[in-house]
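Undergrad: My questions all concern the structure below.
The values are calculated or read from the model by the stated rules, or taken from the named source; none is laboratory data. The structure presented is a predicted model; accordingly, all values stated were derived computationally and were not measured. Ideal geometry is used to build each Cβ from the backbone, glycine not excepted, and the neighbour counts take in all protein chains shown. Heads up: the accessible areas ignore ligands, DNA and RNA and are worked out on the full protein's heavy atoms, side chains in. Shrake-Rupley method; radii C 1.70, N 1.55, O 1.52, S 1.80 Å.
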Amino acid sequence: QVQLVESGGGLVQAGGSLRLSCAASGRTFSSKTMGWFRQAPGKEQEFVAAIGWSSRNTYYADSVKGRFTISRDNAKNTVYLQMNSLKPEDAAVYYCAAQLRGTVRASHEYDYWGQGTQVTVSS
């Protein structure tokens, strides 16, 4: 069992930065692929970024590539999402998720989810 708790959301002006954190409980964190997804009001949930257990492999949605960076610290059971050059269209609830195996961009193939953290970007 893995429990995930996100933090770091908030209000930021367009062009600004935020760093989201996702703290995981459970001794199997280091074996899991971790992903970030987001959902804006009235829109479907979408993949943002994912990172493999060793950090060697990272994956990004085209919409955030070059602006967002995903990283993890297995010693701290934490995954991060550094978000730079934020745009109003980045505003959403951001969710952290853990996956033992599967397609990293497919939300239905993740096994554990956090409660989400709100990111608001003012123009």
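Undergrad: Leaving ligands, DNA and RNA out of it, report the carbon-plus-sulfur percent of the accessible area of region 1-77 at a 1.4 Å probe.
TA: Working: 1950 of 4260 Å².
Answer for region 1-77: carbon and sulfur cover 46 percent of the accessible area.
Undergrad: Can I ask one more? Counting only heavy atoms of the protein chains, get the accessible area per residue of the chain (1.4 Å probe) and round it to a whole Å² value. List each step's numbers first, then the result.
TA: On the way: 6400 Å² over 123 residues.
Ligands and nucleic acids excluded, the result is 52 Å² per residue.
Undergrad: Please calculate the 1.4 Å probe accessible area of K65, with all protein chains present, and give it to the nearest 10 Å².
TA: Accessible area of K65: about 120 Å².
Undergrad: Mind ranking D62, D111 by accessible surface for me, highest first, 1.4 Å probe? Working shown, then result.
TA: Details: D62 130, D111 85 Å².
So, going from the largest accessible area down, we get D62, D111.
Undergrad: Which of the GluC sites (Glu not before Pro) across region 1-78 are loop residues per DSSP, with 13 or fewer other Cβ within 10 Å? Don't jump to the answer; show the numbers that get you there.
TA: Working: sites: E6, E44, E46; in loops: E44.
Listed in order of number, the matching sites are E44.
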